[in-house]
Amino acid sequence: MNGAVYALLALDSGSYEIPLNVADSTQATREMYVDYILDAQYSDGGWALSGDTSEADLTAMALQALAKYQDRADVAEAIERGLVFLSENQNEDGGFTYFGAQTCESVSQTILALTELGISLEDGRFVKDGNTLLDALLRFRQKDGTFAHLLDGGTDMIAPEQAFLALVAADRMDRGESSVYRMH
């Protein structure tokens, strides 16, 4: 699932051409990736890396990849269902819990999804009990300025990268600039 998401994001980040695949009978296309992502959506509106339980991270990642295609009716419907899933599964503190743990990455990916879709981080669907996604993200900030994967954990390699990307996306949105995936 995440392979299709990142392939589509990479291709669309610079409107790159897909190389011709002369070694196989299947030619990758943007539509193929979009359809693959749509077909992987669960009935609750979410997506997952594997298994049968939707995850905030993967749902938000799918929404990022689909954002450029929201003029398609089927994509617009899938995006709306994904947004409902994220909103309904967001905690009152603004974060997300999956298998009993809150992660920085779930919040970061959701911020990236909303900014990619052009949805304000102050949108009422994503402000819970006065807590925004940015409030939730900043709870993972460590004393040294990095970000932890878990609220009670230490810094790892992925959490700071995703948190900083989410913060840049939020800042770019506030400034009226293009998204982090379309800085050209």
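The values are calculated or read from the model by the stated rules, or taken from the named source; none is laboratory data. This is a predicted model, so every value here is computed, not measured. FYI the Cβ positions are ideal-geometry reconstructions off the backbone, even for glycines, and counts take in every protein chain you see. Note: accessible area is taken over every heavy atom of the protein model, side chains too, but ligands, DNA and RNA are not part of it. Shrake-Rupley method; radii C 1.70, N 1.55, O 1.52, S 1.80 Å.
Listing for the model above:
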{"read-out": "Total residues in the stretch 170-184, condition polar (S, T, N, Q) and exposed (fewer than 15 other Cβ atoms within 10 Å of the Cβ)", "value": "1"}
{"read-out": "Which listed residue is of a type in the set (S, T, N, Q), open to solvent by less than 60 Å² (accessible area, probe 1.4 Å) and over 25 Å from LEU151 (Cβ atoms), from GLN41, GLN64", "value": "GLN41"}
{"read-out": "Lone qualifier among ASP74, ASP57 - being more than 18 Å from ILE158 (Cα to Cα) and either of a type outside the set (Lys, Arg) or without any contact (Cβ under 8 Å) to a residue 40 or more places away in the chain (or both)", "value": "ASP74"}
{"read-out": "Where a residue in the stretch 5-25 is assigned to a helix (DSSP H, G or I) and its partner, wherever it lies, is surrounded by 15 or more Cβ atoms within 10 Å (Cβ to Cβ) and among the polar types (S, T, N, Q), with Cβ under 8 Å and at least six apart", "value": "VAL5/GLN64; LEU9/GLN64"}
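Residues are listed down the side, and each one gets a yes or a no for (1) more than 20 Å from PHE85 (Cα to Cα); (2) surrounded by 14 or more Cβ atoms within 10 Å (Cβ to Cβ); (3) modelled with pLDDT of 95 or more; (4) not small (Gly, Ala, Ser):
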{"residue": "CYS104", "(1), (2), (3), (4)": "no, yes, yes, yes"}
{"residue": "LEU112", "(1), (2), (3), (4)": "no, yes, yes, yes"}
{"residue": "LEU117", "(1), (2), (3), (4)": "no, yes, yes, yes"}
{"residue": "LEU151", "(1), (2), (3), (4)": "yes, yes, no, yes"}
{"residue": "GLN162", "(1), (2), (3), (4)": "yes, yes, yes, yes"}
{"residue": "VAL168", "(1), (2), (3), (4)": "yes, yes, yes, yes"}
